[in-house]
1. Any residue at all in the range 77-91 that's within 25 Å of GLU124 (Cβ to Cβ), modelled with pLDDT of 90 or more and in a helix (DSSP H, G or I)?
2. Restricting to the range 113-130, count the residues that are at pLDDT 95 or above and charged (D, E, K, R).
3. When you scan the range 2-22, how many residues do you find that are free of Cβ contacts under 8 Å to residues at least 40 places away in the same chain and either on the phi > 0 side of the Ramachandran plot or of a type in the set (Lys, Arg) (or both)?
4. When you scan the range 16-32, do you find a residue that is farther than 21 Å from GLY131 by Cα and small (Gly, Ala, Ser), even just one?
5. Among (1) modelled with pLDDT under 90; (2) more than 13 Å from the chain's Cα centre (by Cα), there is one condition ASP145 misses while meeting the rest; what is its number?
6. Could you tell me which of the residues ALA121, ALA138, ALA146 is farther than 20 Å from ASP26 by Cβ and in a loop (DSSP other than H, G, I, E, B)?
7. Would you confirm whether or not the range 11-29 contains a residue that is small (Gly, Ala, Ser), assigned to a helix (DSSP H, G or I), in contact with a Phe, Trp or Tyr (Cβ under 9 Å, 6 or more places away or on another chain) and more than 18 Å from PHE161 (Cα to Cα)?
Amino acid sequence: MDSAEYEAKIASRFAAFDQDGSGYIDREDFSGAAAALLAEFGTTARSDKGQALYNGAEAFWQGMAGIADVDGDQRVSRQEFVTGAVKRLRDNPRRFAEIARPFLRAAIAVADEDGGGVTPAAAERALLVLGVVAEAAARVAVELDADGDGRIHEEEILAGFAAYYVTPEP
């Protein structure tokens, strides 16, 4: 994949983070994603899981801002996202997954309804809430279960998250 293709792919990922469609990624996009996940799985914001998810969302936002908020205005434009992602993540996509780890770990705890790992059905629900189109959400939820045990665990989700930024598919 050449540089232009990679930049175009990264730009297509911007919309997934811009939850409110404002044209910028900001703290509210992350807290909004957390609120939507909590609502979907019937978890209260004041619970331990709810607090962990909001804390993870804040950590993810801080990591994103640290990578991409070039002008320091506490929001990431599409161009800042593309430039920051291309510059800092192309050679190490796993780094971005590590920035997301606290949020993803907390989201797993919310979606893991019986303590045995996230089922593909629960993963699909979470992906839909986060704005993934239905056809892709169903496919990705199944593909995330890399070991085929019927449950999706943290390392599988981190690997899938990292791969999302280095694969050519939209």
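The values are calculated or read from the model by the stated rules, or taken from the named source; none is laboratory data. Quick caveat: nothing in here was measured; it's all calculated off a predicted structure. Cβ placement follows ideal geometry from the backbone for every residue including glycine, while neighbour counts extend to all protein chains displayed.
1. Initial filter on the range 77-91 (within 25 Å of GLU124 (Cβ to Cβ)): none.
Scanning the range 77-91 turns up no residue that is within 25 Å of GLU124 (Cβ to Cβ), modelled with pLDDT of 90 or more and in a helix (DSSP H, G or I).
2. Final tally of qualifying residues: 2.
3. Of the residues in that region, 1 qualify.
4. Quick first cut of the range 16-32, residues farther than 21 Å from GLY131 by Cα only: none.
No, the range 16-32 contains no residue that is farther than 21 Å from GLY131 by Cα and small (Gly, Ala, Ser).
5. Answer for ASP145: the failing condition is (1).
6. Values: ALA121 fails: in a loop (DSSP other than H, G, I, E, B); ALA138 fails: in a loop (DSSP other than H, G, I, E, B).
Going through ALA121, ALA138, ALA146 in turn, just one is farther than 20 Å from ASP26 by Cβ and in a loop (DSSP other than H, G, I, E, B): ALA146.
7. no
A quick yes/no check of all residues on (1) surrounded by 15 or more Cβ atoms within 10 Å (Cβ to Cβ); (2) aliphatic (A, V, I, L, M):
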| position | (1), (2) |
| --- | --- |
| TYR24 | yes, no |
| ALA39 | no, yes |
| LYS49 | yes, no |
| VAL82 | yes, yes |
